[in-house]
1. Kindly establish whether residue 230 is modelled with pLDDT of 75 or more, surrounded by fewer than 22 Cβ atoms within 10 Å (Cβ to Cβ) and within 12 Å of the chain's Cα centre (by Cα).
2. Based on what the data block shows, is residue 199 in a helix (DSSP H, G or I) and either modelled with pLDDT under 90 or of a type in the set (Lys, Arg) (or both)?
3. Just to be sure I understand, how many residues within the range 137-165 are open to solvent by less than 30 Å² (accessible area, probe 1.4 Å) and under 20 Å from residue 60 (Cβ atoms)?
4. Going residue by residue through the range 141-163, is there one that turns out to be assigned to a helix (DSSP H, G or I), in contact (Cβ under 8 Å) with a residue 12 or more places away in the chain and more than 30 Å from residue 73 (Cβ to Cβ)?
5. So, of the residues in the range 108-136 that are at pLDDT 95 or above and either among the aliphatic types (A, V, I, L, M) or open to solvent by 10 Å² or more (accessible area, probe 1.4 Å) (or both), which turns out to be farthest from the chain's Cα centre (by Cα)?
Amino acid sequence: MNHSFTVYEQQIRKQLIGWEKELLKPPGMLEKTSRALQTRINQAIPEKVHTAITAAVKGIVQTALFSLDYIPKNEPLQGMSLASRDQKAEELIGFYKKLAAAEGAGTGAGGILLGLADFPILIGIKMKFLFELAHLYGHSTLDYRERLYILHVFQVAFSSQNKKPELYRAVVNWPQTVKTLPPEDSYAQHIDWRQLQQEYRDTIDFRKMLQLVPGIGAVVGAWANYGLLEELGQAGMNCYRRRWLDEAEKKNKLT
């Protein structure tokens with residue numbers, strides 16, 4: 001059946017153009033300066049520390065992506081309009097922003113050790129959110145390729161401006177990207193875990209470092225986590241919106 005795009009869907013397509021332009025703009029002077037500083041800091045950190053952090057991030061992400069605990073119990077939504085999906089997605093984002101803020105306030109108030117513990121907990125919250133978002137837009141996370149799509153969306157949200165274009169192209173051209181994905185039993189060998197952890201850590205570093213400052217940790221923790229979930233929510237929602245519209249347009253061409 002031919003899909004006739006509604007006024008809402010046409011408006012979303014226009015909004016996506018603006019969002020994509022902002023997402024893919026070249027890094028500005030401030031980001032270049034910040035990036036150079038972060039590179040110097042990374043070079044000064046002992047290799048064994050990098051190895052330990054990389055192993056931790058790898059373990060957290062692998063557990064999140066390939067543990068049955070993260071797969072929503074509800075079936076992916078089918079036969080629902082984009083407007084209805086978006087409404088549910090906004091509600092989901094609101095819930096997870098509050099959850100992340102509460103978690104950040106709790107760990108931020110507990111000093112440095114609990115502040116550091118927030119790092120893996122927050123990744124788990126973000127992954128849980130993306131799994132549920134995938135089902136809202138009709139994609140089953142039982143398929144490991146959909147879980148790798150989630151990883152791409154996660155990286156789109158938390159990577160430098162230099163890395164975003166390549167990552168976003170992989171998301172936008174997902175039907176072609178899927179053809180290049182490794183088998184499920186060997187996917188982990190094809191992921192650059194060191195780069196993933198550095199990009200993620202560098203993107204959130206400033207906000208999360210402030211969380212460790214005595215006296216303001218709880219407030220900053222709540223603020224930081226709320227903002228990070230808002231950024232992930234926008235990126236995730238827009239990636240799935242773009243995918244939904246592209247699939248609808250493809251169906252139109254086939255009918």
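1. In short, yes.
2. On the way: in a helix (DSSP H, G or I): yes; either modelled with pLDDT under 90 or of a type in the set (Lys, Arg) (or both): yes.
Considered against the rule, which asks whether it is in a helix (DSSP H, G or I) and either modelled with pLDDT under 90 or of a type in the set (Lys, Arg) (or both), residue 199 comes out as yes.
3. 13
4. Kept after step one, since they are assigned to a helix (DSSP H, G or I), are these residues of the range 141-163: 144-157.
Remaining after also requiring in contact (Cβ under 8 Å) with a residue 12 or more places away in the chain: 144-157.
Right, trim to more than 30 Å from residue 73 (Cβ to Cβ) and you get none.
No: the range 141-163 contains no residue that is assigned to a helix (DSSP H, G or I), in contact (Cβ under 8 Å) with a residue 12 or more places away in the chain and more than 30 Å from residue 73 (Cβ to Cβ).
5. Result: 136.
The values are calculated or read from the model by the stated rules, or taken from the named source; none is laboratory data. Note that the coordinates shown come from a computational prediction; the quantities given were computed from them, not determined experimentally. With ideal geometry, Cβ positions are generated from the backbone for all residues, glycine too; neighbour counts draw on all protein chains shown. For accessibility, only protein heavy atoms count, side chains too; no ligands or nucleic acids. Shrake-Rupley method; radii C 1.70, N 1.55, O 1.52, S 1.80 Å.
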